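Data block below; observations after.
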Amino acid sequence: QVQLVESGGGLVQPGGSLRLSCAASGFTFSSYTMSWYRQAPGKERELVAAITSGGSTNYADSMKGRFTISRDNAKNTVYLQMLSLKPEDTAVYLCNALNTFYRYWGQGTQVTVSS
């Protein structure tokens with residue numbers, strides 16, 4: 001059974017930081033591209049960052065320099081370190097696993113940036 005379980009979200013003040021985690025199980029984690037997406041109320045889901053099985057990374061322009069994606073294949077976990085958070089970063093953050101044939105989604109974790 002495939003599972004992607006996100007954690008680490010919460011309420012943070014502007015300028016603060018959070019580290020999200022996504023624990024994966026039920027598939028060969030190391031062979032999948034792992035990504036973080038986010039969806040704010042009334043907005044389309046958007047890609048935040050991705051990391052390939054080989055470790056190459058890609059970021060949305062608005063996240064470059066503030067967010068860092070990483071993965072630990074030994075722990076079947078992907079991380080998103082978020083710095084200098086802004087109110088517009090408020091959203092549900094979702095973990096995604098992708099290979100040639102399959103795409104899996106987690107349930108998401110809420111990140112709220114507010115004073």
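The values are calculated or read from the model by the stated rules, or taken from the named source; none is laboratory data. Keep in mind it's a predicted model, so treat the numbers as computed, not measured. Here Cβ is always computed from backbone atoms with ideal geometry, including for glycine, and neighbour counts include all displayed protein chains. Surface areas here come from the heavy atoms of the whole protein model, side chains and all, with no ligands, DNA or RNA. Shrake-Rupley method; radii C 1.70, N 1.55, O 1.52, S 1.80 Å.
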Legend entry - Odd one out for Ala49 among (1) farther than 14 Å from Asn96 by Cα; (2) surrounded by 12 or more Cβ atoms within 10 Å (Cβ to Cβ): (1)
Legend entry - Meets criteria (open to solvent by less than 60 Å² (accessible area, probe 1.4 Å), of a type in the set (Gly, Ala, Ser), assigned to a strand (DSSP E or B) and in contact (Cβ under 8 Å) with a residue 40 or more places away in the chain) for Ser21: yes
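Among the residues of the stretch 27-46, write down those that are within 20 Å of Thr100 (Cα to Cα) and open to solvent by 70 Å² or more (accessible area, probe 1.4 Å).
Within the stretch 27-46, just Thr28 meets the criteria.
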Inset, instruction - Kindly indicate whether any position in the stretch 34-52 is in a strand (DSSP E or B), over 12 Å from the mean Cα position of the chain (by Cα) and not hydrophobic (A, V, I, L, M, F, W, C). - result: no
Inset, instruction - Scan the stretch 60-115 for residues that are part of a loop (DSSP other than H, G, I, E, B), under 23 Å from Phe29 (Cβ atoms), open to solvent by 60 Å² or more (accessible area, probe 1.4 Å) and in contact (Cβ under 8 Å) with a residue 60 or more places away in the chain and jot them down. - result: Tyr102, Gln107
